[in-house]
Amino acid sequence: MRPFTFHPGPRLIAGAALHDKLPGLLPEGPCLFVTDEGVRGLGLANPFCEALEQSGRLVTVFDRVEADPSKETLLAAVRTGRLAGATSVVGFGGGSPMDVAKLAAYLLGSGDELDEIWGVDVAAGHRLPLVLVPTTAGTGSEATPISVITCEGGVKLAVNARPLTADWALLDPGLTVGLPPHVTAATGIDAIVHSIEAYTSARLKNPLSDALAREALSLLTANLLTACEQPGDLEARAAMLLGAHLAGIAFANAPVGGVHALAYPLGGLFHLPHGLTNALMLRPVLEHNSEAARELYAELAPILDPACESLGSQARAKGFIDHVCQLAAGTGVSLRLRDHGIGEDALDQLASEAMKQTRLLVNNPCPIEEADARRLYEAAW
Ligand SMILES: [Zn+2]
């Protein structure tokens, strides 16, 4: 057996009306509740905050988290928690509020300085007790020990360390039924990319991540279109939420590669949502990888097309890429860069920015050089 290390995700409660469970998962004392204005405006967090208040806790809501949260936002959340004397943190929303909540819980609990803990396994202190509640099915942030923050000059830095893994994740599919179809689509495709890239991860691929990635891919690909077309279908929503969570645990151990590496500059330079950027780069990067990852794509192919079992690995791999990309296109999201305000003159800069994503590029099944990246952006344009 190839040696490997595997870290499970947080303890998990899945179901409905989970606000009743929340007070029992946290210590006594004030709670910092991190969310964003959109989620708060929908009222989704109200039952959770009320349950905490009814248990006698003071709840301080920090709802100023933006998409691609900044260092200033994170530090403001930490100040708010410190002033409130918070003894616990709840992160409630999409990837952005959960990323802020994870790192705020760590900084409040450990007293560490943010600029001293960037990178992998640097943060080693204790965080405050932490519960995460996703309201989208995509990032898997509730499952991972990773927090991505936008710093000076638009540079995205990450803290990736075990203490950021939450104590509990609460999965309630009812919280995701209000997502508009284009958000369901983009976040769902992001989760599909997590499962594929975890399965083909070059350095840290392992049997447990593989099992989770396969199950995630099965749940996600079987339910994406239903969740988009019938937003109130709770079974489909539950499958998407669980799939995104399992994919999150998979890629927390077997990290993502080229699709994400080329997606990040689209977010950094053009402020497109993370899920959409992955959808845009999906086909070009999978096709670039198709020789190096042929056997692995062939192994995944029957999940989307059981009838392909009898084909050779090359045909199966090609069929796999086609099926995944048809599924993404079937959501109705436009998959061309030009349709999202990106000019052809930006392709050189995108390619050069992508080369900075070394922490992701090393996980891709084959190298992506700057000329490759330029060609892949052109293919997506
Ligand atoms: Zn992602």
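The values are calculated or read from the model by the stated rules, or taken from the named source; none is laboratory data. These numbers were taken from a predicted model, which means no experiment stands behind them. Note that we place each Cβ from the backbone using ideal geometry, even for glycine, and neighbour counts take in every protein chain shown. With ligands, DNA and RNA removed, areas are computed over all heavy atoms of the protein, side chains included. Shrake-Rupley method; radii C 1.70, N 1.55, O 1.52, S 1.80 Å.
Of all the listed residues (133, 193, 122, 183), the sole one being out of contact with any helix residue (DSSP H, G or I) (no Cβ under 6 Å at 6 or more places or on another chain) and within 16 Å of the ligand (Cβ to nearest atom) is 183. Of the helices (runs of 4 or more DSSP H) contained entirely in the range 238-333, those carrying at least 1 residues that are away from the ligand (no atom under 16 Å from the Cβ), more than 15 Å from the chain's Cα centre (by Cα) and of a type in the set (A, V, I, L, M) fall at 258-270, 294-304, 313-330. Considering only the range 328-342, state which residues are among the small types (Gly, Ala, Ser) and either modelled with pLDDT of 95 or more or within 23 Å of residue 227 (Cα to Cα) (or both). Hits for the range 328-342 are 328, 329, 330, 332, 334.
Looking at the range 1-88, the helices (runs of 4 or more DSSP H) lying wholly inside it that each contain 3 or more residues that are in contact with a Phe, Trp or Tyr (Cβ under 9 Å, 6 or more places away or on another chain), closer than 24 Å to residue 107 by Cβ and in contact (Cβ under 8 Å) with a residue 24 or more places away in the chain sit at 71-84.
Considering 65, 59, the condition of being buried (at least 16 other Cβ atoms within 10 Å of the Cβ) and within 23 Å of the chain's Cα centre (by Cα) is satisfied by 65 alone.
Given the structure, is residue 83 over 15 Å from residue 130 (Cα atoms) and either within 21 Å of the chain's Cα centre (by Cα) or of a type in the set (A, V, I, L, M) (or both)?
Details: over 15 Å from residue 130 (Cα atoms): yes; either within 21 Å of the chain's Cα centre (by Cα) or of a type in the set (A, V, I, L, M) (or both): yes.
Yes; evaluated as a whole, the condition is true for this residue.
Taking the range 191-228 as the range and being among the small types (Gly, Ala, Ser), more than 26 Å from residue 17 (Cα to Cα) and not in a loop (DSSP other than H, G, I, E, B) as the test, the residues that pass are 195, 198, 209, 211, 213, 218. When residue 231 is tested against (1) open to solvent by 10 Å² or more (accessible area, probe 1.4 Å); (2) assigned to a helix (DSSP H, G or I); (3) farther than 23 Å from residue 147 by Cβ; (4) of a type outside the set (Ser, Thr, Tyr), exactly one condition is not met: (2). Restricting attention to the range 89-112, the residues that are part of a loop (DSSP other than H, G, I, E, B) and within 23 Å of the chain's Cα centre (by Cα) add up to 1.
Residue 259 meets each of the listed conditions (1) crowded, with 24+ Cβ neighbours inside 10 Å; (2) modelled with pLDDT under 95 apart from (2).
Residue count for the range 35-56 under the criterion of being under 22 Å from the mean Cα position of the chain (by Cα) and open to solvent by less than 20 Å² (accessible area, probe 1.4 Å): the result is 3.
Look at the range 286-298 and say how many of its residues are without any contact (Cβ under 8 Å) to a residue 24 or more places away in the chain and either touching a Phe, Trp or Tyr at 6+ places or on another chain (Cβ under 8 Å) or closer than 19 Å to residue 220 by Cα (or both).
In the first step, residues of the range 286-298 are kept if they are without any contact (Cβ under 8 Å) to a residue 24 or more places away in the chain; the result is 294-295, 298.
Right, trim to either touching a Phe, Trp or Tyr at 6+ places or on another chain (Cβ under 8 Å) or closer than 19 Å to residue 220 by Cα (or both) and you get 298.
Looking only at that region, the number is 1.
Tell me, which strands (runs of 3 or more DSSP E) lie completely within the range 113-190 with 2 or more residues that are open to solvent by 10 Å² or more (accessible area, probe 1.4 Å), in contact (Cβ under 8 Å) with a residue 40 or more places away in the chain and in contact with a strand residue (DSSP E or B) (Cβ under 8 Å, 6 or more places away or on another chain)?
Working: elements: 130-134, 146-150, 156-160, 168-171.
Fully inside the range 113-190 and qualifying: 146-150, 156-160.
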